[in-house]
């Protein structure tokens, strides 16, 4: 069986840029087929209403809906529509989505909410295309090295396996904090683990700073330095995460979990052993 995965991207969080690629990193898996449809940066009613029907044209076996704040107005409407289908649905979002957990459970939806997938400092005086790209690059580095993206991949792979084996579907209900991510990241060096935990928590603080700067403060002389500080903090978190990975590399203990063609996972924690 080839599992057809439909991914709907509404707006953008850091995980959005990579979620369809982490499932098939070498583009040679034979057990899945993926289609992605999105609204770009916008999250308006018109965009959401246009993309939702298109994913059903693909006739997916699994739908992944990823958006900032799944509790916001339009993502909430999309959730309600997706919950009416018989297709398993996983909602992927950031920390503000935690307010929708009870509703998502009632709707029969799985969810993965990542606290370190921080909101960007979206103030016009500060944010340009270059700054946006740099911020997302730093977010991805933190999410990758701390084990967050591996955790998301494992959760989705588990559903794929259940679909292939025709087992009852057990949708994920995950709030990804530092401990959940890093303790599943495979670190061997305790100092590397400590750096990764620090990096994840720093990224979580960025989310809180930008929520305040973008929605609660109206004075430019206050919110501009605040979003600037938040991006500096994310940059520092990315550097700290890099340091954690370098420690693991120096010990030859970097965990690699590669997908084989049949979707199974090869686990290696020594570079040369990978090629034996």
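Of note:
- Qualifying residue in segment 8-21 (condition: in a loop (DSSP other than H, G, I, E, B), touching a residue at least 24 places away in the same chain (Cβ under 8 Å), under 17 Å from the mean Cα position of the chain (by Cα) and on the phi > 0 side of the Ramachandran plot): yes
- Residue 8 vs. criteria crowded, with 17+ Cβ neighbours inside 10 Å and closer than 17 Å to residue 156 by Cα: yes
Computed from the coordinates by the stated procedures, all read-outs in this text should not be read as laboratory data. Just so it is clear, the model here is predicted, and its values are computed rather than measured. Please note: Cβ atoms are built from the backbone with ideal geometry, for glycine as well, and neighbour counts cover all protein chains shown.
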